[in-house]
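The values are calculated or read from the model by the stated rules, or taken from the named source; none is laboratory data. These numbers come from a predicted model, not from an experiment. Neighbour counts run over all protein chains shown; Cβ positions are idealised from the backbone, glycine included. SASA here: full protein model, heavy atoms, side chains in, ligands and nucleic acids out. Shrake-Rupley method; radii C 1.70, N 1.55, O 1.52, S 1.80 Å.
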Amino acid sequence: MLVPRAGRGFESLTDTVQDEPAFQLLAKVADLESDPTGLDTFARYVWQAKQVVRQWLTCLSGHDGPLFVVCEQGDDLALVYAEKIRFVQLKTRDRGSWSVAAMCARGLDAVVRCYQAARKANLHEISAFELWVEGPIADKTDTVDFVKDPTSAAKDVRSKLVASGLTRSWADDFLRRLVIRPDQPTRPHVDAKAMWELSALWPALSHPEVEYLYERLLQVATAAQTGGSGQPATIQAHLAAAWSYVDQDLPGPDEPGGTAIAAIRDQILSRSMLIGLTPPLPGESREQLLARMSAGSTASLMELKMLAAGANRQLIEQVQEMRADMEVERQLLLAGRDTAEADLERLAGRVLSMAEATATKVRLTSVSNPAAASRPAESIAADLLSRPADLAHCDRHPLFDRDERLIFGYLGHLTDLCRFTWRSS
């Protein structure tokens, strides 16, 4: 008897039965004790590539942004501006927070090596040396003070840096140029963060289009991390198109610096390459978002979702202010009311139902009102705020004294929890 076999035509039933011992052996392999170091190392490497994509996007910042992003040269990432360089070391952490001792053990040692190399090349005076760490820092005073101002490093920290290879007489100069960027997106969340940032920069793109754009940029960034070597054939078309744009930006072999740059050509990501691989940015400026991404800070999910749905800066700041006022009241409720969590969840259901109905109404009227369709966040906000009594009616207990501004701020809080996207689902 013949049975279909995906990708292999038809095989006999006896062939299928003969596979069963192999399944049993495969199960035994799955049960073996194993060192997952390889998988973990790869996950860290991919996280770095995703961070490279996020920083590569800051090349779109115009005169304030970098011109080139260089992978695995000096440090994990080098951002080259017209008159300065930022060397960035990217570090992940499996558990717990980052103490200053943990940074010295993993991260600052690599930053020291980069500084030493830059110093010998006389680049240190135009360079910053940055450590970007996944997740939070410890709340101990020595760590908080060190992250805020590395020049406050205690004697034992300086000794550890010297033990890592830092020339003792250069310690003060190194610490003046050191920057710590904590709270980088975690490995499980970095994709969502990057996708929302792309959506905020190109709000007209559909979700599948954003996914495709992200995948394409990530493929090129990953290739740059390996210097273009060993890439599957499916990526070659992207790389050929991308590096043709790099070549437009770089000097020829007979020009000053041309030979040295040619040696790392395949590790370079440029502004022209990015422009060639991405759609045009919409007319409204995204400079503030790009500036924060460049600085290693991150916008809230609420802000990113509202930007992606066409909200202007004034509306976002208005919602942020309402949310801040609401948060004070929410914390007081949680501290002083036993049923607060259940009551807030019931309020969330009513507020979300009203917001989603409004989003649907905006979508249904989009044929006759294309402006509203292109900026749904502003249309939804205008509709909700024009009905203060309806908003107040959602607060039946009441929790926020039926203050429509606080209830609208609560919707901003729910947005940050990924429960509302400011567009019709």
Within a Cβ distance under 11 Å of D403, other residues only, what is the Lys/Arg minus Asp/Glu net charge? -3
Expressed as a whole percentage, what fraction of the accessible surface of the stretch 110-177 belongs to carbon and sulfur atoms when a 1.4 Å probe is rolled over the protein heavy atoms? 51
Here the Kirkwood hydrodynamic radius of the stretch 350-412, Cα-based and in Å, equals 12.1
When all alpha-carbon pairs of the stretch 128-217 are counted, what percent fall beyond 21 Å? 51
On a 31 Å Cα-Cα criterion, which of the cross-link pairs K120/K140; K160/K305; K140/K193 come out too long? K120/K140; K160/K305
For the stretch 139-190, what is Rg from Cα atoms divided by 2.2 N^0.38 Å, rounded to two decimals? 1.33
Add +1 for every Lys or Arg and -1 for every Asp or Glu among the other residues with Cβ under 14 Å from the Cβ of T226, and state the total. -2
